[in-house]
């Protein structure tokens, strides 16, 4: 109980005093939500005008300035330059996301229109936030990219590190359990299904600045449950990786990789339960 009584003092000393200049997690979540809805007003289910979009853009610029101030002991001009650089990258991000949404429509027979993809598909939402966070990561802005990626991870179950490089026309179907590590490199026209892991062979702090995660070249399909590990592992272009495959070595372009389990089907009526059968 004595330790519990001292806990508030410990928290104050270790976190409030030493780390008082940090951006708000809630404000970061709100900013990325507002930014996605600015890019795709249909997500907010509202009509817009050119005037209202310009007003929203000014508001978003101010929001980003507020988030950057605690992170930099810089002049107002330096922070403004960062804001200008980020929003200067936004048209390219938007173009990539529009192409992503079309890829979803072409790849998923359950999609009834681009509007449905943008409004309701978790894979598209995760990609949208990733592409925003990735630009901030490329600008070497601390904290904000990871806060954004973990926010959308909690919503969709899709874990994409903001450092991962992802090409155009990317598609994630269902998405729950997908993990894409920091140094992953994904080419164009790649499709992933649920529970795919692009991970490291092992975790060691000394590898922080090394390529630890695989490279996936153009036009690759990776089906559900597959795990691909290692910074030297390259999946050649136009390959198909079947469900539940486990790879720690590279494969050549145009490869077909699959895991072949043995499935036994018996007639239940004539099946005698073995004495050592447990669940």
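Laboratory data are not the source of any read-out in this text; all were calculated from the coordinates shown. As the structure is a computational prediction, the values presented were derived from the model and not from experiment. Please note: Cβ atoms are built from the backbone with ideal geometry, for glycine as well, and neighbour counts cover all protein chains shown.
Take the alpha carbon atoms of segment 92-143, find their center, do the same for segment 221-240, and report the distance between the two centers in whole angstrom.
Rounded to whole Å, the Cα centres lie 21 Å apart.
Taking each pair of distinct Cα atoms in the chain once, what is the resulting Kirkwood hydrodynamic radius in Å? Before the final figure, lay out each step's value.
On the way: mean 1/r = 0.0470 Å⁻¹.
It works out to 21.3 Å.
Would you mind computing, in nm to one decimal, how far apart the modelled labels at residue 211 and residue 42 are, each placed 7 Å from Cα along Cα→Cβ?
3.7
Compute the distance from the alpha-carbon center of segment 249-269 to that of segment 155-173, in whole Å.
When both Cα centres are located, 26 Å separates them.
For the chain, what is the relative contact order in percent, using Cα pairs closer than 8 Å and at least 6 residues apart in sequence?
Numbers: 479 pairs, mean separation 27.1, N = 279.
So the answer I get is 10 percent.
Counting other beta carbons within 10 Å of each residue's own, what order do 87, 124, 254, 40 fall into, fewest first?
In order of increasing Cβ crowding within 10 Å: 254, 87, 40, 124.
Kindly identify segment 157-277 as rounded, prolate or oblate by the Cα gyration tensor criterion: order the square roots of the eigenvalues as a ≥ b ≥ c, call it rounded if a/c is under 1.5, otherwise compare a/b with b/c, prolate if a/b is larger, else oblate. Don't skip to the end; give the middle numbers.
Values: a/c = 2.27, a/b = 1.85, b/c = 1.23.
Note, shape of segment 157-277 comes out prolate.
By how many degrees, between 0 and 90 and to the nearest 10, does the Cα long axis of helix 122-138 differ from the longest principal axis of the chain?
With both axes taken from Cα atoms, the answer is about 50 degrees.
Among 51, 188, 232, which comes first, second and so on when ranked by fewest other beta-carbon atoms within 10 Å? Don't jump to the answer; show the numbers that get you there.
On the way: 51 8, 188 16, 232 13.
Ordered by Cβ neighbours within 10 Å, fewest first: 51, 232, 188.
Rounded to whole Å and sorted largest first, list the principal axis extents of the Cα atoms in segment 21-158.
51, 35, 23
For segment 73-226, what class follows from the C-alpha gyration tensor (a ≥ b ≥ c being the square roots of its eigenvalues): rounded when a/c is under 1.5, otherwise prolate if a/b is larger than b/c, else oblate?
Values: a/c = 1.97, a/b = 1.23, b/c = 1.60.
It is oblate, given that a/c is not under 1.5 and a/b is not larger than b/c.
On a 0 to 90 degree scale, rounded to 10, what angle separates helix 25-39 from the longest Cα axis of the chain?
80
Could you list 202, 72 so that the one with the fewest beta carbons within 10 Å of its beta carbon is first and the one with the most is last?
Values: 202 9, 72 13.
Listed from fewest to most nearby Cβ atoms, that is 202, 72.
Give me the number: length gained by fully extending residue 26 to residue 250, i.e. 0.36 nm times residue separation minus the C-alpha to C-alpha distance, one decimal in nm.
Fully extending the segment from residue 26 to residue 250 adds 76.5 nm.
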